[in-house]
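*Asks:* Have a look at this one.
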Amino acid sequence: MELEPTPPRSPLADLARNLGAGLRALLLWKAAPALRAGAAAWIALELLSLALDFGFDFARAGPDGRFMADALAGKLFHLPWLMLAVWAAARLAGRPEAWLRGVVGMAALWIWLSLLWNALALLPAEVWGELGDAVTLVWWAPAAWGLIASAVLLGEVFDAKPARRLGMLAIVGLCYLLPTAMLGTQMPLWVATQTDDDDAETARWQAARSEALIYRQPLLLTEAIARVEPGEAGRPELFLLAIAGHGAQDVFLREVDKVERLFAERFGTGGRSIVLANNPATVLERPLATVSAMEASLRALGERMNREEDVLFVFLTSHGAEDHRFDLSLWPWELEQLTPQRLGALLDAAGIRHRVILVSACYSGGFVGPLAGPDTLVMSAARADRSSHGCSHEADWTFFGRAFFDEALRETPSFTEAFARARAAVGTREAAEGLEPSEPQIAVGEAIKARLDAMVADWPRTLQAQQGGDAVRPADAATTSSPCSAARC
């Protein structure tokens, strides 16, 4: 009796069966019987994987973009490692003839894991922000599950004993997952076309990446230090060190610029101030805000001050972290972050006794305790466990910066009174905008309080002597500041 010829297998039917087997493997169900092995079946799975990656990249970038052929190498990087891992597992089980079946099964399984990863990448930034410290766990959970599912699948395909299945777990981890993880983030297959705004942003950061910065910065710091004039004996004077820490937002640069001008007008610090700023627009014009630059600046200020009479006002504005690290950052440079203990050590090493320190940042209350002392006034824009508000790129001031410097200090020369007014103003604004209260903090040493009170009483005479004209009274310097219409400015 003559047998009827077997109908040819449909490539699409084989692809569907292999995808179903991959899903079963992902769920740790029996998957091997459903696999359709073969070179064509494997190629179909890899082409589908590339198509899915392209689709997700297109969804992220939008239709206005271009195809990146250079990205193909990264997308196919896993292939030799996949073959190596399955070959090692097949040899361990003594089933080298089933190698291609194992490769097809692994390709089908990891398509589903790739889908899961791409779906996670599409989640809004707000969702990832709410995860907090769990972000890393959530992102790498599919890889951990894939490792287990791969060992189960290969053990089934090669009919391996339980002990050897544990070996397969190690093989997949070392020969497949580790090399592909070390590759890191891959270039997308489809990227958005660069707009005029993108070009402007690239140009904005060009100076920060330039070689000229390396050679220019030491000169800028030397010049800034050389401009500091020594204090006059017998006349208590105020010196200023202002720090703009975070380079990606202009609000911090604007604040230190305005504070420098305000203090020159109101407190006679012209010629006795140093401003350090991290901002791509000023890297070739002004010294960077680094711990090393702060150390050199404080040492120079300590040498020019009359240490038994003069007072240093240190103003720091930037982002802050929950572990109370003050952000000093400028892409692409890796800069040391500033802690309260490091700042205190720098001030002590410089021999600066009389200090006023204002830290405007989230969680800046963590600076108050470590820096407090009889000769120190410390103020912060927020409690140690609270965020401050207003650090938007477009703003002229942060909430606390506006309330303290631009409003309160234009009405009173007393730092403690200005703090009380600013704290109340910030609280009122936060309540009106439905924000969590930042609760600015203050610690006033007895010795510095008496010294500042005496300086406030003598400031009109001091300014008159410095400027060679009429004294500037608090009311003379008051100006009308326009209300901030933005929700965060």
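The values are calculated or read from the model by the stated rules, or taken from the named source; none is laboratory data. Note that the structure is predicted; figures quoted are calculated from it, not measured. Note that each Cβ is placed from the backbone with ideal geometry, even for glycine, and that neighbours are counted across all protein chains shown.
*Asks:* So, in region 376-411, of the ones that are part of a helix (DSSP H, G or I) and of a type in the set (Gly, Ala, Ser), which residue ends up surrounded by the most Cβ atoms within 10 Å (Cβ to Cβ)?
*Replies:* Ranking the candidates gives 401 first.
*Asks:* Scan region 288-296 and tell me whether some residue there is of a type in the set (S, T, N, Q), assigned to a strand (DSSP E or B) and under 24 Å from the mean Cα position of the chain (by Cα).
*Replies:* no
*Asks:* Let me ask you something else. May I ask you to list the residues in region 425-434 that are surrounded by fewer than 13 Cβ atoms within 10 Å (Cβ to Cβ) and part of a helix (DSSP H, G or I)?
*Replies:* First, pick out the residues of region 425-434 that are surrounded by fewer than 13 Cβ atoms within 10 Å (Cβ to Cβ): 428, 431-434.
Residues satisfying the conditions are 428, 431, 432.
Table: residues versus (1) touching a helix residue (DSSP H, G or I) at 6+ places or on another chain (Cβ under 9 Å); (2) assigned to a loop (DSSP other than H, G, I, E, B); (3) under 24 Å from residue 391 (Cβ atoms).
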position	(1), (2), (3)
258	yes, no, yes
271	yes, yes, no
274	yes, no, yes
282	yes, yes, yes
285	yes, yes, yes
313	yes, no, yes
316	yes, no, yes
345	no, no, no
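*Asks:* When region 45-71 is examined, which residues are found to be within 30 Å of the chain's Cα centre (by Cα) and either part of a helix (DSSP H, G or I) or at pLDDT 95 or above (or both)? Steps first, please.
*Replies:* In the first step, residues of region 45-71 are kept if they are within 30 Å of the chain's Cα centre (by Cα); the result is 53-68, 70-71.
Within region 45-71, 53, 54, 55, 56, 57, 58, 59, 60, 61, 70, 71 qualify.
*Asks:* Within the group 231, 247, which residue is under 26 Å from residue 397 (Cα atoms) and in the same structural domain as residue 347 (by TED's automatic domain parsing)?
*Replies:* Unique residue meeting the criteria: 247.
*Asks:* With modelled with pLDDT under 90, more than 22 Å from the chain's Cα centre (by Cα) and surrounded by fewer than 11 Cβ atoms within 10 Å (Cβ to Cβ) as the only criterion, which of 192, 200, 163, 181 stands out?
*Replies:* 163
*Asks:* Being without any contact (Cβ under 8 Å) to a residue 40 or more places away in the chain, of a type in the set (Gly, Ala, Ser) and closer than 30 Å to residue 124 by Cβ narrows it down to one residue among 51, 44, 59; which is it? Break it down stepwise before answering.
*Replies:* On the way: 44 fails: closer than 30 Å to residue 124 by Cβ; 59 fails: without any contact (Cβ under 8 Å) to a residue 40 or more places away in the chain.
51 is the lone residue from the list that is without any contact (Cβ under 8 Å) to a residue 40 or more places away in the chain, of a type in the set (Gly, Ala, Ser) and closer than 30 Å to residue 124 by Cβ.
*Asks:* Only residues in region 20-36 that are assigned by TED's automatic domain parsing to the domain that holds residue 104 count as the first member; pair them with residues that are assigned to a helix (DSSP H, G or I) and among the basic types (Lys, Arg), Cβ under 7 angstrom, at least 6 apart or cross-chain, and list the lot.
*Replies:* 30/24; 31/24; 34/17; 34/24; 35/101; 36/17
*Asks:* Quick one: would you say residue 401 is at pLDDT 90 or above, under 17 Å from residue 258 (Cα atoms) and touching a strand residue (DSSP E or B) at 6+ places or on another chain (Cβ under 6 Å)?
*Replies:* Considered against the rule, which asks whether it is at pLDDT 90 or above, under 17 Å from residue 258 (Cα atoms) and touching a strand residue (DSSP E or B) at 6+ places or on another chain (Cβ under 6 Å), residue 401 comes out as yes.
*Asks:* From the list 120, 92, 109, 100, pick out the single residue that is aliphatic (A, V, I, L, M), in a helix (DSSP H, G or I), surrounded by fewer than 16 Cβ atoms within 10 Å (Cβ to Cβ) and touching a helix residue (DSSP H, G or I) at 6+ places or on another chain (Cβ under 9 Å). Give the derivation first.
*Replies:* Working: 92 fails: surrounded by fewer than 16 Cβ atoms within 10 Å (Cβ to Cβ); 109 fails: surrounded by fewer than 16 Cβ atoms within 10 Å (Cβ to Cβ); 100 fails: surrounded by fewer than 16 Cβ atoms within 10 Å (Cβ to Cβ).
Result of the check over 120, 92, 109, 100: 120.
*Asks:* Please enumerate the residues belonging to region 51-65 that are of a type in the set (A, V, I, L, M) and either surrounded by fewer than 15 Cβ atoms within 10 Å (Cβ to Cβ) or not assigned by TED's automatic domain parsing to the domain that holds residue 75 (or both). Even if it seems obvious, please write down each step before you answer.
*Replies:* Of the residues in region 51-65, the ones of a type in the set (A, V, I, L, M) are 51-52, 59, 61.
If the condition is that a residue be of a type in the set (A, V, I, L, M) and either surrounded by fewer than 15 Cβ atoms within 10 Å (Cβ to Cβ) or not assigned by TED's automatic domain parsing to the domain that holds residue 75 (or both), then 51, 52, 59 are the ones that fit.
*Asks:* Could you say which residue among 356, 314 is within 30 Å of residue 205 (Cβ to Cβ), touching a residue at least 40 places away in the same chain (Cβ under 8 Å), among the β-branched types (Val, Ile, Thr) and in the same structural domain as residue 405 (by TED's automatic domain parsing)?
*Replies:* Answer to the check: 314.
*Asks:* Let me ask you something else. Give the residues of region 152-176 that are part of a helix (DSSP H, G or I), touching a helix residue (DSSP H, G or I) at 6+ places or on another chain (Cβ under 6 Å) and hydrophobic (A, V, I, L, M, F, W, C), sorted by residue number. Full working, then the answer.
*Replies:* So in region 152-176, the residues part of a helix (DSSP H, G or I) come out as 152-157, 162-176.
So of that shortlist, the ones also touching a helix residue (DSSP H, G or I) at 6+ places or on another chain (Cβ under 6 Å) come out as 153-157, 164-165, 167-169, 171-173, 175-176.
Residues satisfying the conditions are 153, 154, 157, 168, 169, 171, 172, 175.
*Asks:* Is there a residue in region 16-32 that is in a helix (DSSP H, G or I), over 26 Å from residue 160 (Cα atoms), at pLDDT below 95 and not aliphatic (A, V, I, L, M)?
*Replies:* No, region 16-32 has no match at all.
*Asks:* Listed residues 277, 226, 212; which is without any contact (Cβ under 8 Å) to a residue 40 or more places away in the chain and surrounded by fewer than 16 Cβ atoms within 10 Å (Cβ to Cβ)?
*Replies:* Only one candidate passes the filter, namely 226.
*Asks:* Does residue 357 count as assigned to a loop (DSSP other than H, G, I, E, B) and at pLDDT 95 or above? Working first, answer last.
*Replies:* Numbers: assigned to a loop (DSSP other than H, G, I, E, B): no; at pLDDT 95 or above: yes.
The answer is no for residue 357.
*Asks:* Please find, within region 239-252, the residue that is farthest from the chain's Cα centre (by Cα) out of those that are aliphatic (A, V, I, L, M) and modelled with pLDDT under 95.
*Replies:* In the first step, residues of region 239-252 are kept if they are aliphatic (A, V, I, L, M); the result is 240-244, 248, 251.
So of that shortlist, the ones also modelled with pLDDT under 95 come out as 248, 251.
Working: 248: 10, 251: 16 Å.
Taking the candidates together, the pick is 251.
*Asks:* Then there's this: Yes or no: residue 23 more than 18 Å from residue 102 (Cβ to Cβ), hydrophobic (A, V, I, L, M, F, W, C) and surrounded by fewer than 19 Cβ atoms within 10 Å (Cβ to Cβ)?
*Replies:* no
*Asks:* Looking at residue 308 and the list (1) surrounded by fewer than 24 Cβ atoms within 10 Å (Cβ to Cβ); (2) in a helix (DSSP H, G or I), which single condition is not satisfied?
*Replies:* Going through the list (1) surrounded by fewer than 24 Cβ atoms within 10 Å (Cβ to Cβ); (2) in a helix (DSSP H, G or I), residue 308 breaks only (2).
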